Amino acid sequence: MTDQPLTEAEIELALSELPGWNHTDDHLVCSWTFDGHLAAVSAAAAVGWLQERRNHHADLTIQYNKLTVSTTTHSAGHKVSAKDTALAQEVSALLD
């Protein structure tokens with residue numbers, strides 16, 4: 001079964017509950033800055049565990065002490081779906 005993309009209104013509503021997250025190029029994107037490189041790498045590993053548990057995998061980018069999470073749903077035509085908003089909520093709860 002294919003996941004359904006969210007409407008713009010649904011995405012905006014979700015973003016109202018996700019401080020720091022943005023909707024860019026059909027992705028939900030947020031960045032965190034840490035005290036050093038190892039802290040950013042550790043955060044990325046923790047996010048990786050969340051993704052495995054959900055079987056929904058975002059792109060993770062580490063730039064020294066900064067971790068950026070960018071999520072979209074391939075089975076929804078590379079659009080934002082409820083899977084992305086749920087993952088964003090869980091990542092925020094972990095990293096904020």
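The values are calculated or read from the model by the stated rules, or taken from the named source; none is laboratory data. Since the structure is predicted, the reported quantities are computational estimates derived from the model, not experimental observations. All Cβ positions, glycine included, derive from the backbone under ideal geometry; neighbour counts span all protein chains shown.
Of all residues assigned to region 14-24, at least one qualifies as being in a helix (DSSP H, G or I), within 20 Å of Ala93 (Cα to Cα) and modelled with pLDDT of 95 or more. Only one entry of Ala44, Ala39 meets the criterion of being over 18 Å from His78 (Cα atoms), in contact with a strand residue (DSSP E or B) (Cβ under 6 Å, 6 or more places away or on another chain) and not in a strand (DSSP E or B), and that entry is Ala44. Filter region 51-69 down to the residues that are part of a strand (DSSP E or B) and under 21 Å from Asp35 (Cα atoms), then identify the one that is farthest from the chain's Cα centre (by Cα). Among them, the one singled out is Gln63. Does Ala45 satisfy the criteria of being more than 20 Å from Gln4 (Cβ to Cβ) and in contact with a Leu (Cβ under 6 Å, 6 or more places away or on another chain)? It is false that Ala45 is more than 20 Å from Gln4 (Cβ to Cβ) and in contact with a Leu (Cβ under 6 Å, 6 or more places away or on another chain).
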